[in-house]
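Undergrad: Just passing along the structure, written as structure tokens.
The values are calculated or read from the model by the stated rules, or taken from the named source; none is laboratory data. Note that the structure is a prediction, hence the values are computed from the model and not measured. Note that we place each Cβ from the backbone using ideal geometry, even for glycine, and neighbour counts take in every protein chain shown.
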């Protein structure tokens, strides 16, 4: 099939590369000429394991191409994905759909034969209806259907998630649109992931509801962790105990400094606004949003408390800046709240992250960025683990202790077993002291 993807961000690039790998002819479109030229040279704008090789291999076979020309690509398309950004709108938190609507109006001008236009971006309920109306107004003669096909890609495992999905959601209102989408995803259906066909509005809501529920699990276990600390219980054992129940599951039950990234903060806020618009407020999600904001602020206080309440003039080494490992994404990362909180109290902050420092340097000022974890710890009064990169799991504890002015480790990801840090003043989350 001839597939066009509008937008070469995280979702568009991963989706395009994977669909090309299935044998479809994929053209990715972006208005950013410099970005397209870099992609043509094999320069990938994001860090995602496996993506660079996938893009380059499929460019070599001719299955994956990049262009800025909407007119040429759209005219021969069977499937068109709209995969542009839908950031939270400043002021009210609703999803900014301006790029979605602009893409719909532009591509409508160039449709020459029947195609299915798919909202791949995360969009509020009713967006497919609006996209359809915009396209019909722009080109009344165009033959098309609009569908919703939300993505469920996790940063760090996005290629695997696309190729081995838990489910494929197809939201369409006509049988011919559903049939074309089934053909598109036929290679995946050979492995029999559940393919759920719904109407468009249901598909749009599934994406928001899924992310909101994941955020709810994170918020819940973080508050359980606070209770564990007060009651001298172990949150990791509590999480394991409840996660063994198949109705609950163990995923997203890791206590820490709060959720971040490009999806959960934006989507929980958008869902809250959508619910209020439909006069069906989701007070549980409102509480999750508030609790997560408070959580990040509380982590800075936790670091201060570990240093006996006074960090003015002291040096804090921060390991990990991205919101999670295996990505360079800094969006809504806890570090963006915690580090300024430490600086406001007079601390000097040194930091190291395997992939996130290039972006972090534009977002976090007056930070001493280091080349590795050990350089970061040299002469520090405490070390904080903010992101659980694998390389932080096997640090030489004896060498760490020799580098630090005092052996204080605040582990906000519960990276280590308690018995591993008996010679440190070790502070973790929701666990009794060693």
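Undergrad: Output the number of the condition that residue 178 fails; it satisfies all remaining conditions of (1) farther than 28 Å from residue 124 by Cβ; (2) in contact with a strand residue (DSSP E or B) (Cβ under 6 Å, 6 or more places away or on another chain).
TA: All conditions pass for residue 178, except number (1).
Undergrad: Restricting to the range 291-310, name every residue that is touching a helix residue (DSSP H, G or I) at 6+ places or on another chain (Cβ under 9 Å) and farther than 19 Å from residue 386 by Cα.
TA: 310
Undergrad: Residue by residue through the range 226-270, note down the ones that are over 28 Å from residue 320 (Cβ atoms) and either touching a residue at least 40 places away in the same chain (Cβ under 8 Å) or outside any loop (DSSP other than H, G, I, E, B) (or both).
TA: 231
Undergrad: Another question, then. Would you list the helices (runs of 4 or more DSSP H) that sit entirely within the range 1-101 and hold 2 or more residues that are closer than 21 Å to residue 170 by Cα and in contact with a strand residue (DSSP E or B) (Cβ under 7 Å, 6 or more places away or on another chain)?
TA: It comes to 10-21.
Undergrad: If you check residue 420 against the conditions, is it in the same structural domain as residue 326 (by TED's automatic domain parsing), more than 23 Å from residue 333 (Cα to Cα) and either surrounded by fewer than 23 Cβ atoms within 10 Å (Cβ to Cβ) or touching a residue at least 60 places away in the same chain (Cβ under 8 Å) (or both)?
TA: Yes; evaluated as a whole, the condition is true for this residue.
Undergrad: Follow-up question, since we're still on this one. Those residues that are surrounded by 20 or more Cβ atoms within 10 Å (Cβ to Cβ) and either in contact (Cβ under 8 Å) with a residue 40 or more places away in the chain or touching a strand residue (DSSP E or B) at 6+ places or on another chain (Cβ under 8 Å) (or both), I need them from the range 342-354; list them, please.
TA: Passing the criteria: 342, 347, 349, 350, 351, 352, 353.
Undergrad: Which of the residues that make up the range 125-146 are buried (at least 21 other Cβ atoms within 10 Å of the Cβ) and within 20 Å of residue 211 (Cα to Cα)?
TA: 127, 128, listed by residue number.
Undergrad: I would also like to ask the following. Let me confirm something: among 401, 361, 365, which residue is outside the structural domain of residue 154 (by TED's automatic domain parsing), over 22 Å from residue 256 (Cα atoms) and in contact with a strand residue (DSSP E or B) (Cβ under 7 Å, 6 or more places away or on another chain)?
TA: Answer to the check: 361.
Undergrad: Could I ask something else about it? Just to be sure I understand, how many residues within the range 284-303 are over 17 Å from residue 221 (Cβ atoms) and either surrounded by fewer than 20 Cβ atoms within 10 Å (Cβ to Cβ) or modelled with pLDDT of 95 or more (or both)?
TA: 4
Undergrad: Name, by its number, the condition in (1) on the phi < 0 side of the Ramachandran plot; (2) within 23 Å of the chain's Cα centre (by Cα) that does not hold for residue 249.
TA: Answer for residue 249: the failing condition is (1).
Undergrad: Testing residue 118 on (1) in contact (Cβ under 8 Å) with a residue 40 or more places away in the chain; (2) in a helix (DSSP H, G or I), one condition comes back false. Which one is that?
TA: Going through (1) in contact (Cβ under 8 Å) with a residue 40 or more places away in the chain; (2) in a helix (DSSP H, G or I) one by one, residue 118 breaks only (2).
Undergrad: Output the qualifying pairs, or none if there are none: Cβ atoms under 8 angstrom, residues six or more apart or on different chains, first residue in the range 355-383 and on the phi > 0 side of the Ramachandran plot, second residue assigned to a loop (DSSP other than H, G, I, E, B).
TA: From residues that are on the phi > 0 side of the Ramachandran plot, the pairs are 379/404; 379/405.
Undergrad: Separate question: Looking for something in contact with a strand residue (DSSP E or B) (Cβ under 8 Å, 6 or more places away or on another chain) and buried (at least 22 other Cβ atoms within 10 Å of the Cβ) - is there at least one such residue anywhere in the range 207-228?
TA: Scanning the range 207-228 turns up at least one residue that is in contact with a strand residue (DSSP E or B) (Cβ under 8 Å, 6 or more places away or on another chain) and buried (at least 22 other Cβ atoms within 10 Å of the Cβ).
Undergrad: Whether any residue in the range 325-338 is farther than 30 Å from residue 158 by Cα, within 26 Å of the chain's Cα centre (by Cα), surrounded by fewer than 19 Cβ atoms within 10 Å (Cβ to Cβ) and touching a residue at least 40 places away in the same chain (Cβ under 8 Å) is what I want to check.
TA: Checked against the condition, which is being farther than 30 Å from residue 158 by Cα, within 26 Å of the chain's Cα centre (by Cα), surrounded by fewer than 19 Cβ atoms within 10 Å (Cβ to Cβ) and touching a residue at least 40 places away in the same chain (Cβ under 8 Å), the range 325-338 yields no hits at all.
Undergrad: Pull up the range 185-202, narrow it to residues that are more than 19 Å from residue 122 (Cβ to Cβ) and touching a residue at least 60 places away in the same chain (Cβ under 8 Å), then point me to the one that is surrounded by the fewest Cβ atoms within 10 Å (Cβ to Cβ).
TA: 187
Undergrad: What about residue 196, is it modelled with pLDDT under 95 and on the phi < 0 side of the Ramachandran plot?
TA: Yes, satisfied.
Undergrad: Condition first: part of a helix (DSSP H, G or I) and surrounded by 22 or more Cβ atoms within 10 Å (Cβ to Cβ). Can you find one or more residues in the range 275-283 that meet it?
TA: Within the range 275-283, none of the residues are part of a helix (DSSP H, G or I) and surrounded by 22 or more Cβ atoms within 10 Å (Cβ to Cβ).
Undergrad: In addition: Filter the range 389-413 down to the residues that are closer than 20 Å to residue 236 by Cα and surrounded by 20 or more Cβ atoms within 10 Å (Cβ to Cβ), then identify the one that is nearest to the chain's Cα centre (by Cα).
TA: 389
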